[in-house]
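First the structure, in the form of structure tokens, and then the observations on it.
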């Protein structure tokens, strides 16, 4: 490698320039020390971002006795350690919202009220609040036409369950029986129709 290369000529540092740089370097802030200060040291609590400049010897001495919590009461220290778990950022209960003056923000309260209003939204699967009050309507059962017709004879639709069918059948038989009308048989045809419809529903295993 040629020491007089044109590429190295611009990289050479003159001795005078180096001496001038050392002369202009900051001095150690330790009382009575005039050494160059090349090592920053934090100034302490409530002065974050501010630093002393010390030489290597005095920065070591400073660091040995440095105590960030010096002068802090026990209660303040516990509070600081607790808030330190979240990086001293404000927190609130899970599922809640950031508190504001006087509690929750009025706009947030309005949105909550609108959300709770059953007319403003539809909870099809009952995931929120009272599931029974907001559940989606059950799909209608698909039944054979003869079964639907038999239910119609009893005055029922496809949603009628076994208990409902039995209750309706007993009521109609009692109302249509001749003994309930002084032996009048004018309702016998209707009674036979109801009985036949009920047997058809039993055969279809709806009761």
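Every number here is computed from the coordinates shown, using simple stated rules; none is lab data. Quick caveat: nothing in here was measured; it's all calculated off a predicted structure. As a convention, Cβ positions derive from the backbone with ideal geometry for all residues, glycine included, and neighbour counts pool all protein chains shown.
Calculate the FRET efficiency for residue 75 and residue 47 from the Cβ-Cβ distance with a Förster distance of 35 Å, rounded to the nearest 0.05. Numbers along the way, then the final one.
On the way: r = 22 Å, r/R0 = 0.63.
Efficiency at R0 = 35 Å is approximately 0.95.
Counting beta carbons within 10 Å around each of 69, 54 and listing the fewest first gives the order 69, 54. Peptides 196-206, 56-66, ordered by how many other C-beta atoms sit within 10 Å of their residues on average, highest first, read 196-206, 56-66.
Shape index of segment 145-203: Rg/Rh, with Rg the Cα radius of gyration and Rh the Kirkwood radius from the inverse mean 1/r over Cα pairs, equals 1.00. Once C-alpha pairs closer than 8 Å and six or more residues apart are averaged by separation and normalised to the residue number of segment 22-88, the relative contact order reads 23 percent. Legend: ranking of residues 51, 169 from fewest to most surrounding C-beta atoms inside 10 Å; resulting order 51, 169.
A simple spin-label model places pseudo-atoms 7 Å from Cα toward Cβ; at residue 199 and residue 38 they are separated by 11.2 nm.
Less than 12 Å from a label point 7 Å out along the Cα-to-Cβ axis of residue 68: which backbone N atoms in segment 27-44 qualify, by residue? Hits in segment 27-44 for residue 68 at 12 Å: 42-44. Spread over its residues, the convex hull of the C-alpha atoms of segment 22-88 is 107 Å³ per residue.
Each peptide in 141-151, 76-86 was scored by the mean count of other Cβ atoms within 10 Å over its residues; highest first, the order is 141-151, 76-86.
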